[in-house]
Amino acid sequence: MEHSKTISLDCPYCDTKCQFLQIDSSHSFCDRNVRHHISYICSNCNGGIITHWLSSTRILDQFQNNNVIKNLESYYPVVGDWKPRMNIALINNPAVKEDFQEAIQAYNNSLYNSCMMMARRAIQQEMISNQIIGNNLFEQIEATGISSKLKALLQKVKNFGNSGAHPDFCLFDDEGNEIINKKEFARLSLEFLDRYFADEYEINTLVENAPKSQKELDSK
């Protein structure tokens, strides 16, 4: 395929053959793999991709010349960059931390169902490590000693995980209309877990490391 500002490709996001529009100022040359890298965006779903071009020139200005040979070699979806606000290293349970990290990696690679399921699994690991009793995850969350607001966050993450795992589990708006937005559900799963872990681990660490009164020292 010859280079153009608009190219037709199979979109890795919406699984449709679409027109992709070149993103201005995205053109660069990589000395490592000796390829021109150019970003495009899908005209149907706005998903971003990186294209790799073989060319007879390394110079960006010359690349645009019609007489220069240039062919599309490959293209990939743009990896996401969601990052937690809290310090993940403070999560002292390795199983919980690994599940949360895998959920983040899944989201950043556009694997939204996997992200939601791993986020739910992280909650389950948390319940197991804290020896919370309940017949199911809903009951376990309600049996914790956390605030009602944090319980509500975890129940939402549980629901998103159910949506990712079960095709017949649906989510609705206040008017009863079904909502189908896997990417948004996955993002909210990570945002809600981030808030919960910050409260459970980050705040505890801040309190533990804060200066102590004589009474606090004596009670140890």
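The values are calculated or read from the model by the stated rules, or taken from the named source; none is laboratory data. Being a predicted model, the structure only gives us computed values, none of them experimental. Because the Cβ atoms are built from the backbone with ideal geometry, glycine has one as well, and the counts that use them run over all protein chains shown. Heavy atoms of the whole protein, side chains included, go into the accessibility calculation; ligands, DNA and RNA do not. Shrake-Rupley method; radii C 1.70, N 1.55, O 1.52, S 1.80 Å.
Can you confirm whether residue 183 is closer than 30 Å to residue 81 by Cα, of a type in the set (D, E, K, R) and surrounded by 16 or more Cβ atoms within 10 Å (Cβ to Cβ)? When the stated conditions are applied, residue 183 does not pass them. Where residues in region 101-115 are without any contact (Cβ under 8 Å) to a residue 40 or more places away in the chain and assigned to a loop (DSSP other than H, G, I, E, B), which of them is surrounded by the most Cβ atoms within 10 Å (Cβ to Cβ)? Out of the qualifying residues, it is 111. I need the full set of residues from region 2-19 which are in contact with a strand residue (DSSP E or B) (Cβ under 7 Å, 6 or more places away or on another chain) and either without any contact (Cβ under 8 Å) to a residue 24 or more places away in the chain or open to solvent by less than 60 Å² (accessible area, probe 1.4 Å) (or both), in order please. Answer for region 2-19, where residues must be in contact with a strand residue (DSSP E or B) (Cβ under 7 Å, 6 or more places away or on another chain) and either without any contact (Cβ under 8 Å) to a residue 24 or more places away in the chain or open to solvent by less than 60 Å² (accessible area, probe 1.4 Å) (or both): 3, 5, 6, 7, 8, 9, 10, 11, 14, 17, 18. A count restricted to region 119-151 and to residues that are surrounded by 13 or more Cβ atoms within 10 Å (Cβ to Cβ), in a helix (DSSP H, G or I) and polar (S, T, N, Q) stands at 4. When region 42-68 is filtered for residues that are aliphatic (A, V, I, L, M) and open to solvent by 80 Å² or more (accessible area, probe 1.4 Å), only 59 remains.
Here 141, 179, 128 are screened, and the one residue that is aliphatic (A, V, I, L, M) and at pLDDT below 90 is 179. With respect to the conditions (1) closer than 14 Å to residue 123 by Cβ; (2) open to solvent by 30 Å² or more (accessible area, probe 1.4 Å); (3) hydrophobic (A, V, I, L, M, F, W, C), residue 210 lacks only one, and its number is (1). If I filter region 2-25 for residues that are in contact with a His (Cβ under 6 Å, 6 or more places away or on another chain), farther than 18 Å from residue 110 by Cα and not hydrophobic (A, V, I, L, M, F, W, C), do I get at least one hit? No, the conditions are met nowhere in region 2-25.
Out of 154, 190, one residue alone is at pLDDT 95 or above, touching a Pro at 6+ places or on another chain (Cβ under 9 Å), in a helix (DSSP H, G or I) and crowded, with 18+ Cβ neighbours inside 10 Å. It is 190. Considering only residues in region 69-100 that are over 29 Å from residue 200 (Cβ atoms) and not in a loop (DSSP other than H, G, I, E, B), the one that is least open to solvent (accessible area, probe 1.4 Å) turns out to be 70.
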